[in-house]
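No lab work stands behind these numbers, since they all come straight from the coordinates. On a predicted model such as this, the values are computed, not experimentally measured, just so you know. Neighbour counts are summed over all protein chains in view; Cβ atoms, including those assigned to glycine, are modelled from backbone coordinates with ideal geometry.
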Amino acid sequence: MDPQPVVLPPLSAAVGQHMFLPTSASTHGQRRSTRSQLFKSGRTGLFHSVWGYTGRTSSAQYYKQEVINARGRAEQGGNDVGERILLELRRMNRRLRRLSREFRAFSRRIEPLTVMSHNLQCDLGLVMPLAVMPFADGRIPTVPPLSLPPLLNVTVIDGLDYVQSAVYFRGYYPALPLPEHPTRIAGIKRAVGCIVLS
């Protein structure tokens, strides 16, 4: 009897039998379900490592959102800095206004002393003219609306008329009753520092 030839199975069948395990329909369903759950749950890193998904679209969206968030944080930070600067400028402005009011009040208090110190060195003002003494309330008698003659020396003070002497006396002594004209002239000389020091 002639020996029978040995018939080998096709290579594709051998590969199918030895390299791939048979799978059932239920196994395919579980794999699809697992893949869907991983995707929906957002565990993209595990999904990428298991299924080989590159995720380029997801990464691009992520970085785009990060850029938008960073821009929003920068704008918000800029607004906060601007608000702080504005508040600080307002506080400085209020402080400057307060200091300006205090300086004006101080100037009103110190100016009569300065004028008096100058006028006392001028004696009667015949050589060096007297400086203009402000009224008790800070008004300057030689500017409108008063426009009184400046008391530059004793001659001008002695030449004041009845009305002018009354205005000057009331300006320098607002709490005193108005005396007679000669008394007013003497009081004005004392108020402006037109005094001969012996």
For residue 178, what charge total do you get from the other residues with a beta carbon under 14 Å from its beta carbon, if Lys and Arg give +1 and Asp and Glu give -1?
+1
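What is the sum of charges, Lys and Arg at +1 and Asp and Glu at -1, for the other residues whose Cβ falls under 12 Å from the Cβ of residue 104?
Working: positive: 97, 98, 101, 108, 109; negative: 102, 111.
Result for the local shell: +3.
With the cut-off at 15 Å, report for the range 151-198 the share of all Cα pairs above it, as a whole percent.
34 percent
Taking a quarter of the surface of the convex hull around the Cα atoms of the range 107-174, what do you get in nm²?
With every direction weighted equally, the projected area is 4.5 nm².
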Here the net charge surrounding residue 147, from other residues whose Cβ is less than 15 Å away from its Cβ (Lys, Arg +1; Asp, Glu -1), is 0
